[in-house]
Structures are given as structure tokens and as C-alpha cells.
Amino acid sequence: MFACVLFMGKPPLPAQVPCGGRLLPQEQIVLHLDRNVCLAGETLWFKAWCFLDGELKRSMSQVLYLEVFDESGKAIIQQKHLLKNNTTTGSIYIPEDVPGKYYFLKAYTRYMRNFSSDQFHYQQLVIANPYIENARIIAEDPAVIEQEARLSYPGEVRYDTGQQIRISLAQEQVPPRQSVGFSISSPEQLTASLSVTVRLKGLGNQPAQQVMRRNAWLQASCAQDPYCQSYAFPVPGSDAAIEEWAATPPVLDGEQLEWLPETRGLTISGFIQNGQDERASGIPLTAAVLQQEPMVHMGMTDESGAFTLSLQAMQQQKDVFVGTPEANHRVFIRNDFDTDLPAISAVPLQFDSSLHQLLSGLNLHQQLTRAYPAPTTAPVFQPEPIGMPSTNILGPDRRIVLADYIEVPTMAEVFNEITTGVTLRKSGGANRLGVFNPEGQEWVDDPLVLLDNVPVYDIEALLEIDPALVEAVEVFHSDYIIGDFTVEAIVAIKTQTDDFAGYQWSEQVAFTAFKAYAVPQPFEQVVDTEKSHYPDFRPVLYWKPDLQLSPGQPEERITVIAPDRPGVYEVVVQGFTPSGEPCLGYATFEVVQER
């Protein structure tokens, strides 16, 4: 048996905006989840594509932003993912303490924030929490259930024309714990980047009609997905058809882009104000990541007083410093994530008997997973590691450990008596450091000074540190090129504390908790349950986000193990060709109890 579904054409792109006689490039995100219905404490997996002017052949942004928020606009999840060759894969862990209700996923790039948030990718999620009572989870009125039944999924995904993916199943019905084999191929000489999920039917992207009607901004993303479209947009011409919602055309506010594309990866941005609370242009600044090894980035504010600094590849949350050497100036760091939310109309989580049965099955699986040992599994999808440099400043030319010398009472004496090649002198009534470069036989004034790898600008405050709290002083007299700047010398003070030895920071610096790339989890496929006597109620049997079809590899063969839970399971294949042409394949099989 086989089934195939054709996507309904390329995702439409809105009209581009003229800018100085040129057209601005347009980015668009399309994202596929392994499922859209889950419990708190479970993990979802996804694959996303970033289109540039409707194609995947060229790229611009390298960072995808992903959020999950509720009807109040509160984000329960905020993630960043590295876009490589215009795609990325990842996982989303749903916190255990979130209440059960409808949630919304949105995905976008930093560059897309220059335009209306209508252009972002959105999906509806159903998250239930069986451990938290929630009065907003209610059963539907029978009349509503009957009405929704008339609007519901007709049984097969609709399609018209486009690229096709064929799914050939070895058999349509299988008993529990038996192998289910199928192949994925294309009748054409097709090159495509695809994702594959095998899941219990009913868990997919099939948003509630009431939610879609009250939140029309969901419709544009749904209209690009034939699976979602078959649920949210019943057969055209029917009186139940939802009027298609037109996204707001992108309008650039002003002549200058506020959000530059992240073409090199992670960035941090903000602005600097002077003592008159005016934005200051041409102001130098430095950013540093609080870590064991020094990682320093330098830049300057533009004519509007704003800055954007590229950071190195990092994962998870990091503490980041941004400061300027200019006294009487203040640094302001902008929110990484979008705050321009659409108008959200709250809808209580309503479920009919089918959804209630699905959620009950998920709850049973979750309890079984916690109570019994894990079955034998093998990774289907292993996240590709991200190359993360640990430092952009190599080892020091000299390292002076203070414990090797007689104790001195002040840091001034440390610099003058112990750290040879470093001098402290008065100039204009203020103390200044200097470093001797033996290669050039010259003194370098005002070196970059790091305190536990963080730049400091107030030498007077630095001299107040107790030398007993300092482990070592490192001296760098070699040139370092950091961005567009050349650093001729560095003095790095390493303390034995976690609070910079009590150094007093001024308003010209700021610290922030910076979200770097999320760490995706691998997907483990069950490969053997025949010998196990523990129940198996998995809702998702398989997830592979990196399937590639090409003329040289026109077919992929996959085998999954049927779970104990009877029911219909669907195989959904979605993806795109390099030119941006979408494609989708769909097939189902049934797990039946042996009599």
C-alpha cells in the first residue's frame, strides 16, 4: 500500500519593501513539529526552514528564535537555534508546572522584527497538565461537539498539485510489538530536505476551530501546511470555511533597519546614553562573556547611538557584560526576544471525547515511563554539535602568581613592585596603567584591563581591591585584533572570588543573563519490546528531521515497532526542495489487538 500527498505550491511571500530604490530581502520561517498535543513534562521535537525571498538556495540569518506563549502573552519557553544551510532542528521541553490550556508557538529571525509580527510563523499547541487542577479545562457542550464534527477533518489530507512524496507501507494492520516497515520515495528526480514523524493520529497540527476564528493571525501559517489546512479550512465553498486572513504587508519604520540580520550567529544589541539622557554616537564599547577563559568583543555605537555586537557560539544561558570606557554614559541592553505580540483572544481549553481519550493515553504513557525501566532504544536523530570557541585571547606572555611573592598591602604596590613590565603612574590627577612591549621596546599606555575576564575602566576602584583576594596578574604585550579594533596590551587580574573581589561597578556597564543556543535532545527510537513485559504506550514512534532525498538517494527505508496501544497511526513526511517548493507525504496504519 502507498499514499502520497502533494503540497499546494510555494509558501507565498508578501510584497517587498523599497529601500533607497532597492527591494529589501524577505525571510520566512516554516516549522514542523513531531506533534502539537502533549502533556507538561514532555518533549516536542521540531525542524524549521528559513526562506530568503522564497528560496533555500541563499541564506542570510543564522539564528532562529522560538517561543511558546499563552493567551496572556507570557512566554513559557524562549529558545535560540543555529540555522545551518537555512535549516535547524531542536527540541522543546514543556515545564512540569505549566497549567493546561491552549498555547501558541512562534518562530522568527531577528531581521524579521523590522516588519510586522504578522509575518512570523505561528502554531497552536494543546498542553494538558494532569497534576494541576485547572478550571479553564472544560468539556464542550454537545451542540458544539456536533457542530465541530461537521467542521472536522474529512479523513484524508487534501491536495491539488505540487511535488509528491510516496510512502509505501508493507502492511496496513499490525499487532502490537511487531515491526512496521515502510519506504519513502519520490516518483520524480527530486532533491528535498524532509522531516518524518510517525505518531498516533490526532496529535498533529489540527488547531481548534474556535481558536482559529478568534485568533486569525494563526491562519497564514496554517494555510501553508496542507495537514493543518485540512483541519482549519474545510472543503472550499462550504459554509464552514474560514475566511482567509491577509497578513499585514511588511512596512519598514524609518529608513534604517532597527534589527540587523544575524549573519554571523548570536548578537547582543542596545544603545548608550550620555549624561543628558541622549543617545550617543561613536562611543566605543566592549562585551565579555563571564567564563573561565577570556572572550572579548568590541564595537562602537552608530549614528543613532545603537550597537550590535556579534558573540561567539555558545549554548544555554550565559552572563554577559557590556560596558563603555566613556564616563558619565549608561549602557542599555535590548530584549533579545520579540515583544510585539498579536492581539490574542483567550479561548478555554475545550475537548471532546476524542481529545479526552488522546490526553488520557498520554497521561498513561507518562506514568508508565516514570514507573518502569526504559525499553531498548537507539538514537534516530543526534543533534549536530556546535563548534564553540572557548577564547579569543591566547595564553598570557607573563603570569605572576601573587602567592610566590611577599604579601603587599595594596594593588598599587602589586603593580609597582611585583608585576615587572607593568607600571602605574599618575596623569592628569588619575592613575593609569602601562605595559612594556619588549619586542617593540616601547610602553603601551592604557591597556585593556580585565578583572576575572571582564573589562574594567575605573583604575581607582581597581586599586581598592585587597591583594589577598587576587590569585594572579597576567600580562599580554602581543597585539590582538578584536573586530575592527587592535588591542596592543592586556592586563588581566584573576581573583579567588566569585564577586570580582568586591570591585564597585559604575553605571557605564551592564550585566545581563543572555540566552544562547538551546541544547537539543536526541530522539530515541524503541528497537526491541518483544522480550519486555512492561507496557508500551508511546504516542510518537519515530522522528527524523534530517531525511534527504536526491537522485543519488531516491528512497529511504524505515522500520518502527508498533506499541501496545491500539489505534490508527500516521506517517507524515514534510519538507522542501532547494528552490523552496514544498512537498508532503501521508499514510496510515492501524495497530490491532490479536484475537
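The values are calculated or read from the model by the stated rules, or taken from the named source; none is laboratory data. These numbers were taken from a predicted model, which means no experiment stands behind them. Ideal geometry is used to build each Cβ from the backbone, glycine not excepted, and the neighbour counts take in all protein chains shown. These area figures cover heavy atoms from the full protein model, side chains too; ligands, DNA and RNA do not enter into them. Shrake-Rupley method; radii C 1.70, N 1.55, O 1.52, S 1.80 Å.
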I need the full set of residues from segment 541-580 which are over 14 Å from Val180 (Cβ atoms), in a strand (DSSP E or B) and either without any contact (Cβ under 8 Å) to a residue 60 or more places away in the chain or among the aliphatic types (A, V, I, L, M) (or both), in order please. Leu547, Leu549, Gln553, Val572, Val573
How do the strands (runs of 3 or more DSSP E) wholly within segment 328-426 filter down when requiring 1 or more residues that are modelled with pLDDT of 90 or more: which remain? 330-333, 376-381, 398-401
Take Thr391 and decide whether it is closer than 29 Å to His81 by Cβ, touching a residue at least 12 places away in the same chain (Cβ under 8 Å), of a type in the set (Ser, Thr, Tyr) and in contact with a strand residue (DSSP E or B) (Cβ under 7 Å, 6 or more places away or on another chain). no
Return the pairs, sorted by first residue and then second, in which the second residue is among the aromatic types (Phe, Trp, Tyr) and in a strand (DSSP E or B), the first residue lies in segment 33-49 and is at pLDDT 95 or above, the beta carbons are less than 6 Å apart, and the residues are 6+ apart or on different chains. Leu33/Phe46; Asp34/Trp45; Asp34/Trp543; Thr43/Tyr93; Trp45/Phe523; Trp45/Trp543; Trp49/Phe576
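Let's see how each residue does on (1) more than 30 Å from Leu66 (Cα to Cα); (2) open to solvent by less than 60 Å² (accessible area, probe 1.4 Å):
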residue	(1), (2)
Ala518	no, yes
Tyr534	yes, no
Arg538	no, yes
Gly567	yes, yes
Pro582	no, yes
Could we say that Ala139 is open to solvent by less than 70 Å² (accessible area, probe 1.4 Å) and either at pLDDT below 80 or within 25 Å of His32 (Cα to Cα) (or both) here? no
Determine which member of the set Val470, Val444, Val449, Val414 is touching a Gly at 6+ places or on another chain (Cβ under 8 Å), within 28 Å of Ala287 (Cβ to Cβ) and β-branched (Val, Ile, Thr). Val444
Would you mind stating whether Tyr153 is at pLDDT 90 or above and not polar (S, T, N, Q)? no
Selection from segment 475-509 of residues crowded, with 18+ Cβ neighbours inside 10 Å and either in a loop (DSSP other than H, G, I, E, B) or small (Gly, Ala, Ser) (or both) yields His477, Glu488, Ala489, Ala492, Ala501, Tyr503, Gln508
